[in-house]
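Taken together, the values in this text are just the output of simple stated rules run on the coordinates, not laboratory data. As the structure is a prediction and not an experimental result, all values here were calculated from the model. Ideal geometry is used to build each Cβ from the backbone, glycine not excepted, and the neighbour counts take in all protein chains shown.
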Amino acid sequence: MTRFALSATLVALMSTAAVAEDVAPSDVAYDDYGAIAQSLTGVAGDPAEGLRVMETRSAGNCVACHQVSVSTAAFQGNVGPSLDGVADRWDVDQLRGLVANAKMVFPDTVMPSFYRVSGYIRPGDAFTGKAAGELSPLLTAQQIEDVVAYLQTLSE
Ligand code: HEC
């Protein structure tokens with residue numbers, strides 16, 4: 001193998017490793033105000049995919065509680081505030097913290113924590129005394145980054 005081919009292979013291997021290094025829900029570092037300063041994936045979020053997650057009932061379903069005027073999703077809710085202009089109210093780190101676990105900012109909120117797996121009363125515990133197995137977060141690390149990327153486009 002030539003030296004060039006070898007280093008190209010190494011670079012490819014290193015970037016594959018970086019993609020696999022998502023921050024696990026239990027390892028997320030929140031600051032005192034509930035913000036997360038570091039990307040959960042190291043991969044830039046895709047705003048178009050973020051909007052899809054927000055409008056999809058089986059994914060984020062944010063529009064069930066929040067109005068987003070530019071979204072064409074039917075039946076947008078008003079349990080939470082409109083997200084129009086949300087990027088003017090919160091910076092990227094704060095938005096990431098809000099989507100991952102809004103309870104850090106609003107302790108009593110009805111908004112689900114989308115990247116959290118601990119601190120719940122787990123189904124099954126009451127009957128068997130055993131844990132019900134590993135819970136998965138509601139959204140993946142990359143879906144959180146995608147949603148945050150979309151929210152950053154919502155300025156007025
Ligand atoms: C069950 C309803 C519900 C769902 C679903 C929900 N939220 Fe919320 N959200 C709220 C409520 C209520 C608040 C206001 C905080 C409070 O409880 O006082 C809020 C607050 C926020 C805020 C702060 C808004 C501001 O202007 O201050 C952001 C950002 C946000 N939500 C984003 C999202 C995103 C993104 C999703 C989907 C991934 C989502 N929410 C899903 C109920 C919801």
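The listed peptides 105-113, 58-66, 80-88, ordered by packing as a protection proxy, come out as 58-66, 80-88, 105-113 (highest mean of other Cβ atoms within 10 Å first). Under the simplified labelling scheme, the residue 79-residue 27 pair shows an inter-label distance of 3.2 nm, with each label point 7 Å from Cα along Cα→Cβ. Note on residue 118 and residue 44: the model spin-label points, each 7 Å out from Cα along the C-beta direction, lie 3.4 nm apart. If the chain linking residue 153 and residue 64 were pulled fully straight, counting 0.36 nm for each residue of separation and taking away their Cα-Cα distance, it would gain 30.1 nm. Averaging the sequence gap over all C-alpha pairs within less than 8 Å and six or more residues apart, then dividing by the number of residues, gives the range 19-151 a relative contact order of 36 percent. Distance from the C-alpha centroid of the range 84-120 to that of the range 23-51: 11 Å, rounded to the whole angstrom.
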